[in-house]
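The structure appears below as structure tokens.
The values are calculated or read from the model by the stated rules, or taken from the named source; none is laboratory data. From a predicted model like this one, the values you see are computed outputs, not experimental measurements. Cβ: placed from backbone, ideal geometry, glycine included. Neighbour counts: every protein chain shown.
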Amino acid sequence: MIRLDSISKRHGRQILFLDAAASINRGEKVGLVGPNGSGKTSLFRLIIGEEQPDAGQVAVDRGVTIGYFSQDVGDMRGRSVIEETMAGAGEVSKIALELHGLEQKLADPAFADQLTELVERFGEVQARFDELGGYGLEARAREILVGLGFRAEVIDGDVGALSGGWKMRVALARILLMKPDLLLLDEPTNHLDIESIIWLEQFLKGFSGALVMTSHDREFINRIVGKILEIDGGELTTYSGNYDFYVAQRELAAVQREAAYERQQAMLAKEQAFIDKFKARASHAAQVQSRVKKLEKIDKVEPPRRRKIIEFDFPKPPRSGDDVARLADVSKRYGEHVIYDHFDFLIRRRERWCVMGVNGAGKSTLLKLIAGESHADSGTASLGASVKLGYFAQHAMDILEPDQSVLQALEATYPKASLGSLKALLGAFGFSGDDVDKPCRILSGGEKARVVLARMLFDPPNFLVLDEPTNHLDLDTKDMLSKALADFEGTLLFVSHDRRFLSELSNRVLELGPEGPRQYGGGYLEYVATTGREAPGLS
């Protein structure tokens, strides 16, 4: 279906691909993985023809339709959400426009002399429209939009009034509605809540075409793909299996390469020692020459490349009192929408609360009340004795000084810290080499989030309140953060849409819903087992 034949590609001085090859077959579901900057997005652009390889070729079978979802959604305005979704549905949306035009011409006396041709063309277009499921197009579009979290009134509202994150969902809905032969999805779970992620997971499992996707959600990618395509060091390597299988195979291959390299190095050292010892002796001249020739003919095993993942040992926080935070008889509403009504909630030391709830249930509001960023209409929110609070919210990125470099952002907060320790911390959060000198104003949203998290955790509070801390973090950085927080000796209150993060870190669950708050004594996995669902709002 798609063949990458000995492709090479460079951007400036960076080599993305060097004589790389891979194939994508009909119906395959493929996870595309690799370090940041390795060329994942470039590979998508090569497949759709937006870029050309410097050498080799990208071959696409004749007639294959491709739907590509990227993070660049473009401008959306002037139509309703449903109209915008249907307008981008590929061939069926173009045929719908032609069908509408033909209907107008057939009803217009000015085109009476073309009636035979118009009727003939109308029959052809109508048949193709029916074949593509055009008459069910709007119903399918609404089903997809609801699955992605849109309320009915928003679906018929102005697409231009939506935030960037919701426009991203419209762009995703448009691609899913296309039903192409090949779906290319670049981080489709960004900006989705857990209910929408689970809906998308089910949709993609049932999708009959081929799929190639990147995702920073390990559970999501694990449940969908049966093949991994890795980009690393200019090479494309294919693994059969899901992401966990790929990680295990990659580690096994790395151990085997290391062992092969060390065995050969030991053999070479032994042979060289013999040559050095006896090269001056005439009696051993023939043996020495034989071994020299032997060494010259040996294919040298290359030193194994090691993917550099830096771990950081976060300092131990000071001990807090046993009662860390309390809401007492709290009520909160926004207009007519009641968020809490006489709500009591206590967080104890070393508890790790994850907060679950559909959009608008009050998850972020709870975190803001406890962090002092918002105030209750009645009742009180208070912190306990010796509590040192650290609060990460999405707007936390806005407090970075635009002209400061990444390193200066940390140096300004910790002027007495050693340069080495700050660089080690930034390395753990994905900033290595010259990246530490990037000015904050040019950082992406994900990079800014990593700077803020690094700054918070260098001298960690004993109570961390985290609102979507893993958004836009790559898999390696997410794993590092998860390991660091697993060893954290303080208290956690957090919201996340990442199921692996939820299951690894929580030991308590607070579910916010229409029936009022409900507390579960175990972590996320116990919550799933008890309720029979992975998120509120799912049946």
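Evaluation of residue 209 against the conditions (1) of a type in the set (Gly, Ala, Ser); (2) within 24 Å of residue 4 (Cα to Cα); (3) without any contact (Cβ under 8 Å) to a residue 24 or more places away in the chain shows that the sole unmet condition is (3). Screening the range 268-380 for strands (runs of 3 or more DSSP E) wholly inside it with 3 or more residues that are aliphatic (A, V, I, L, M) returns the ranges 323-334, 337-348.
For every residue, the table says whether it meets (1) in contact with a helix residue (DSSP H, G or I) (Cβ under 7 Å, 6 or more places away or on another chain); (2) in the same structural domain as residue 444 (by TED's automatic domain parsing); (3) small (Gly, Ala, Ser); (4) outside any strand (DSSP E or B).
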residue	(1), (2), (3), (4)
5	no, no, no, no
15	no, no, no, no
23	no, no, yes, no
27	no, no, yes, yes
31	yes, no, yes, no
37	no, no, yes, yes
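Here's a check for you: in the range 436-470, which residue that is surrounded by fewer than 18 Cβ atoms within 10 Å (Cβ to Cβ) and of a type outside the set (Val, Ile, Thr) is farthest from residue 366 (Cα to Cα)? Among those residues, the one meeting the criterion is 437. Pairing residues of the range 242-255 that are outside any helix (DSSP H, G or I) with residues that are crowded, with 17+ Cβ neighbours inside 10 Å, at Cβ distances under 6 Å and at least 6 apart in sequence or on separate chains, gives 242/222; 242/225. In this entry, residue 525 is excluded by the filter for residues that are touching a helix residue (DSSP H, G or I) at 6+ places or on another chain (Cβ under 8 Å), assigned to a helix (DSSP H, G or I) and touching a residue at least 60 places away in the same chain (Cβ under 8 Å). The number of residues in the range 63-79 being surrounded by 10 or more Cβ atoms within 10 Å (Cβ to Cβ), farther than 13 Å from residue 48 by Cα and out of contact with any helix residue (DSSP H, G or I) (no Cβ under 6 Å at 6 or more places or on another chain) comes to 2. Looking at the range 168-210, which of its residues are assigned to a strand (DSSP E or B) and surrounded by fewer than 21 Cβ atoms within 10 Å (Cβ to Cβ)? Of everything in the range 168-210, just one residue is assigned to a strand (DSSP E or B) and surrounded by fewer than 21 Cβ atoms within 10 Å (Cβ to Cβ), namely 186.
Note on the range 358-386: residues that are within 35 Å of the chain's Cα centre (by Cα) and touching a residue at least 60 places away in the same chain (Cβ under 8 Å) amount to 11.
Looking at the range 34-48, is at least one residue β-branched (Val, Ile, Thr), closer than 19 Å to residue 188 by Cα and surrounded by 21 or more Cβ atoms within 10 Å (Cβ to Cβ)? No: the range 34-48 contains no residue that is β-branched (Val, Ile, Thr), closer than 19 Å to residue 188 by Cα and surrounded by 21 or more Cβ atoms within 10 Å (Cβ to Cβ). Being assigned by TED's automatic domain parsing to the domain that holds residue 507, within 30 Å of residue 514 (Cβ to Cβ) and loosely packed, with under 14 Cβ neighbours inside 10 Å narrows it down to one of 351, 336, so name that one. Step by step, each of 351, 336 is checked, and only 336 is assigned by TED's automatic domain parsing to the domain that holds residue 507, within 30 Å of residue 514 (Cβ to Cβ) and loosely packed, with under 14 Cβ neighbours inside 10 Å. Evaluation of residue 179 against the conditions (1) on the phi > 0 side of the Ramachandran plot; (2) of a type outside the set (Gly, Ala, Ser); (3) in contact with a Ser or Thr (Cβ under 8 Å, 6 or more places away or on another chain) shows that the sole unmet condition is (3).
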